[in-house]
Amino acid sequence: MSTVFIPTTLRRLTGNQSRLSIEGATVGEILAALDRSYPGFGERLFDSNGQVKRFINIFVNEEEIRTLQGLATPVRPDDTISIVPAMAGGV
Amino acid sequence: MRSYLSRDQLLARLRAEVPELSPREVHERMQRDPSLTVIDIREEEEWLQGHVPGARHISRSFLELQIEFIQPDRQAPIVLYCAGGTRSLLAAHNLHELGYENVISMRTGFSGWVNAGLPFKVPRALRPDQRERYARHLILPELGEEGQLRLLDARVLIVGAGGLGSPAALYLAAAGVGVIGIVDYDNVDRTNLQRQILHGESTVGVPKVESAIQRLKDLNPDVEVIGYRQPLTAANAFDILRGYDVVLNGSDNFPTRYLVNDACHLLGIPLVDASIFMFEGQVTVYQPADPARAIEGGPCYRCLYPDPPPPGEVPSCAEAGVLGVLPGIIGSIQAVEAIKLITRIGRPLVGRLLMYDALEQSFRTLHVRRDPACPLCGEHPTITELIDYEQFCGVAALPTPTAAISMPLPVAPQTVAR
C-alpha cells in the first residue's frame, strides 16, 4: 500500500484524514481507488479530459508525475504520493 | 629540569618548520589560483584598516575554532598572514597540530604586502552601534562583516503586510536589510491581529504600510522603510518592483501571484514565494537565470501552476481560516531565503517546494522542474509583458472594492527616511 498525502484543501472529502494508505500499481490506479473510496475526489483532481488539473501537481516521492510517466507512473508499495494544489493565502 | 625556549629560539625553530612565502609570491599564487585560502589572523581593528583582497579574516584567538568552516581539507594549501610575519608563524604551528599539512606563513606580513606596492582593500566598516546590534551575525563565519554589509546594502520588497509579510518584514528589519519596501493598500483591522504581528491594537484602522513603518522603525532605525499604499497592478508593478534585489510574496489572491511572478521574471528579480491555508504552507524560490552571475535559474510559478484554479474552487483563508502561527513559520522561512540570496550563502530553495503541515508537524521537500513549454520562462515564451491578471484568473484581485482603493493614490510612495 502506498501512502497518499491529502492537501488541506481536499481533506473535507476524506473525513479530514491527511494521509491514506491505498493500493495500486500506478498513480492513475491509486487516484481512481481514492475516488471510489471518497466520492467527489476525482472531480476535484481531473479535468473533463481525465487529465490532472493544471493547478494541481502530483508527486511520487519527490518527483512530479509530468516529469515521469504521468498517470501511468508506476508506484511501489513504499512510495509516497503527494497531491499539491495551488494555494493563494498569504494574509 | 624542564628545558625551555626563548622567544627567539621558538621563532627560529618555527621558521625552520613552517614554509614561508614573500608577499609577492603569495600575490602571484593568488592570481594563479583564485580559490587559494588566504587568512588574515590579525585582530578585527587591524583587518578593518586594510587587508589583502580575497583574504578571509579569523582573529588568531579564534583560528583553531573556526578554520574548519573556511577550509576543512587538511591537505589544502592555506596562507596565513599577520602584520609582520611573526604571529602567522605561531598560528601556522597551531594549524599543523590540527592536521593541516600545507600551511604557509607570509613573510613580513601585511606591512610587507603594502610596502611591496601590492593592492589592498579597506573594507567599509560598521559603526560601533551597528557592531553591537549585529554582533550575533558578525561572529557567524558565513555572514561576518561582509555579509552584514551586504544586508545593509540590500533592498527587499514585500508584497502584502499581512500574515506572511509581518514576520518576514520584522526579521528582515532586525537583520538590517537596508531598504524594505512594503506594498499594501489595506488598513489594519482587529481580525488581522491573531497573526499579523507587525500590527497592534494601537494601529487598528491605520493603513498597514503606516503601521508597518512605525513598528519597523522602532525595531531598527537603520532600515529605510518605503510604503506603497496601493494595490499592485499590471500598470504599476514594474515601477514598484524595479531596483529591488529580492521580492517576497505574501499576497492573498491568484491574480497578484501570477502578476508578481511575471513581473519578477521579466525584471530578473528572485522571488521568494509562499502561500498558506488553514494548517499548511508552501514555500519556494523562483530564481530567474542571471548569466552575469553564473546563476542558471530555476522554474517559475507558471512552471508549477500553469493555470489558476477556477474562481471559488480553492477557498481563501478568510473563508476557511488559518492558524495564526502558521504564517509566522512560513514568513520566517521566506526571510531566511531572502537573507541567503542577499548574502549568497547556503543552498537557496530554488527548484524545491517546501511543504509544511502544522498538524502533522512535518516538513517535506518536493522537486520542481523548469517547464520547457512554460509560456513565461520556457524555450518559446509567449508572455513577454504583463497581462490582464484578473481576466486570466477570472477573478478580481481585490475582493471587496472600497472607497480607499478607488481613491486617487499619492504620487510618491510614503517614505520614512533613515
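Only the coordinates and a few stated rules stand behind these numbers; no lab work does. Everything numeric in this text was worked out from a predicted model, so none of it was measured. Glycine also receives a Cβ, built like all others from the backbone with ideal geometry; neighbour counts cover every protein chain displayed.
Listing for the model above:
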read-out: Sorted by Cβ neighbour density within 10 Å, fewest at the top, the residues B:VAL260, B:VAL103; value: B:VAL103, B:VAL260
read-out: Normalised convex hull volume, the range B:1-150, alpha-carbon set, Å³ per residue; value: 132
read-out: Spin-label pair B:ALA235/B:ARG347, simplified geometry with 7 Å Cα→Cβ offset, distance in nm; value: 4.5
read-out: Rounded to the nearest 20 debye, dipole of the range B:7-115 from Cβ charges on Lys, Arg, Asp, Glu; value: 280
read-out: Residues of type aspartates and glutamates that B:LYS340 reaches as a straight line, Cα spacing below 17 Å, ignoring anything fewer than 8 places off in the same chain; value: B:GLU142, B:GLU145, B:GLU146, B:ASP153, B:ASP245, B:ASP273, B:ASP290, B:GLU296
read-out: Ranked list, fewest to most other Cβ atoms within 10 Å of each Cβ, for B:GLU319, B:GLU337, B:GLU210; value: B:GLU319, B:GLU210, B:GLU337
read-out: Shielding of B:332-342 by partner chains, average beta-carbon count, 10 Å; value: 0
read-out: Rg over Rh [alpha-carbon atoms, Kirkwood Rh] for the protein assembly as shown; value: 1.07
read-out: GNM flexibility winner over chain B from B:ILE333, B:ILE70, B:ILE342 (Cα, springs under 10 Å); value: B:ILE70
read-out: Centre separation in Å (Cα based) which lies between the range B:81-97 and the range A:16-91; value: 61
read-out: Selected from B:ASN102, B:ASN249, B:ASN192 as most flexible by GNM, with chain B as the system and alpha-carbon contacts under 10 Å; value: B:ASN102
read-out: Dimensions in Å of the range B:311-389 - Rg and Dmax from alpha carbons; value: 16.6, 42
read-out: Among B:ILE383, B:ILE240, B:ILE197: highest mean-square fluctuation, GNM of chain B, C-alpha pairs under 10 Å; value: B:ILE383
read-out: Amide proton proximity set for B:THR37, modelled H, under 5 Å, gap of 5+; value: B:VAL79
read-out: Stokes-Einstein D for the range B:79-186, Kirkwood Rh over Cα pairs, 4 °C, 1.567 mPa s (µm²/s); value: 75
read-out: Shielding by partners - mean other protein chain Cβ count within 10 Å, residues of A:54-64; value: 5
read-out: Share antiparallel - DSSP beta bridges, the range B:154-416, percent rounded to 5; value: 55
read-out: Assigned charges on the beta-carbon of Lys, Arg, Asp, Glu; the protein assembly as shown dipole about Cα centre (debye); value: 1020
read-out: A:MET1, B:MET278, B:MET30 arranged by Cβ crowding within 10 Å, fewest neighbours leading; value: A:MET1, B:MET30, B:MET278
read-out: Average other protein chain Cβ within 10 Å of Cβ, residues B:305-317; value: 5
read-out: Beta bridges by DSSP in the protein assembly as shown, antiparallel share as percent, to the nearest 5; value: 50
read-out: Exposed-loop-free span, longest in chain B, where chymotrypsin sites (Phe, Trp or Tyr not before Pro) count as exposed if DSSP calls them loop and at most 16 other C-beta atoms lie within 10 Å; value: B:121-418
